[in-house]
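The structure appears below as structure tokens.
Each reported figure results from applying straightforward, stated rules to the coordinates on display, with no laboratory input. This is a predicted model, so every value here is computed, not measured. Heads up, the Cβs are rebuilt from the backbone with ideal geometry, glycines too, and the neighbour counts pull from every protein chain shown.
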Amino acid sequence: MLNRRKFLQVSTLSAPLLSIKNIFNNTAAQTKPIVVSTWADGIQVNNEAWKILSTQGRALDAVEKGARYIEGTQNCCIGLGGYPDRDGVVTLDSCIMDEHANCGSVGAIEQIKHPVSVARKIMETTPHIMLVGEGAQKFALENGFKKEPPVLSNDAKKAYHEWLKKSQYKPEINIENKKGNGPFAPNFFDDGSVNHDTMGLVALDASGNMSGAVTTSGMAYKIHGRVGDSPIIGAGLFVDNEVGAATSSGMGEEVMRICGTHLVVEYMRQGFSPETACRKAIERIINRDREKAKTLQVGFLALNKKGQYGAFAVQKGFVFSVKSNGEEKVYPSKYVFDLGAT
Ligand code: ASP
């Protein structure tokens, strides 16, 4: 048995060793900077964000840069090249959140190329968080953004015209895999039904601060004025600098019902890994209505304060992209059902 004197000797000797070990463990376990994004397009998005992260820049600047990049491409699901709503109008949703829980958001904004930067402007210059529709566009124009007509990609145009023939609102799951053509393949079926691919990215910078951004044209052929989960703080994006950050893609209504990304972050706060936190949020969706869940897709992606990441989806087919000093990779997410994808 240790007497008090011996105990003091042992503890004094071992204290520095323990603290060195702890410091070593913490350092070893921490990956920073790091950025993770939804879908395979996230590889290019991450590369843009990396230009900021790799030069000791702020995660907030990195996620905005990544989102702006994809907004500027002819992407069928994001930015002005995205799928229109059922009236043929392209409306965009976006949000951004920083390490201090500052956040900004735009819903159903039209003819503005970079909604993520409008969201940031709202965050930094107004007492509000979210502006929508005409008001969001007016704010953007007053703040130096230019009105630009949407330039529907050929794929989006073709899909919309096909869809008009039946005008059925039928979001399909995991089209990329159904067609077996990979993530950059035309993202629609012959009858015009489409998949949904929002860009959500979250980052941890070299200073240990986290931020996130989301940008999307939302569900194709939605009712004009519909806003999805993507610009809703706590649904499409949530950042808590003490714990971690999460983002989502998929059927926004299901994500909103459970305050999806807030839930994921809260699970991480309870000590669950990012992947388990995402899985538990997905289970909430499935347990609510298992049969309905089989017909839809939702994917969550999370990054914790240590730079550990993970994802989980309702269906097979959700993928995510990771970039850090040690890796640059697209990973398939784990999932519950393997119904739509072949
Ligand atoms: N989550 C988006 C929405 O519901 C859709 C998507 O992920 O593509 O608007």
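Under a point spin-label approximation (7 Å from Cα along Cα-to-Cβ), what is the ILE223-GLU253 distance to one decimal in nm?
Between ILE223 and GLU253, the label points sit 0.9 nm apart.
With the calculation restricted to Cα positions, what are the radius of gyration and Dmax of segment 251-342 in angstrom?
Cα only, segment 251-342: 13.1, 42 Å (Rg, Dmax).
Please list the non-local residues whose amide H lies under 5 Å from the amide H of LYS222, H modeled 1.01 Å from N, same-chain partners needing a gap of 5 or more.
ARG86
What distance in nm lies between label points placed 7 Å from Cα along the C-beta direction at LYS138 and ASP338?
Label-label distance for LYS138 and ASP338, simple model: 5.4 nm.
Need one number: nm distance between label points at GLU162 and GLN56, each 7 Å from Cα along Cα→Cβ, rounded to one decimal.
5.2
Subtracting the Cα-Cα distance from 0.36 nm times the residue separation, let me have the gained length for GLN74 to SER207 in nm, one decimal.
44.5 nm
For a bin width of 5 Å, list the pair-distance distribution of segment 186-342 built from all Cα-Cα distances, rounded to whole %.
Result returned by the calculation: 2, 10, 20, 23, 21, 13, 7, 3, 1, 0.
Okay, which of segment 120-156 sit inside 19 Å, backbone N to the point 7 Å along the Cα-Cβ direction of HIS100?
Answer for segment 120-156: 120-130.
Please express the shape of segment 36-105 as an equivalent ellipsoid: the semi-axes are the square roots of 5 times the eigenvalues of the C-alpha gyration tensor, given largest first in whole angstrom.
Listed largest to smallest, the semi-axes of segment 36-105 are 25, 15, 8 Å.
Once you have a ≥ b ≥ c as the square roots of the Cα gyration tensor eigenvalues for segment 65-135, tell me rounded if a/c is under 1.5, and otherwise prolate or oblate according to whether a/b is larger than b/c.
Judged from the Cα gyration tensor, segment 65-135 comes out oblate (a/c at least 1.5, b/c at or above a/b).
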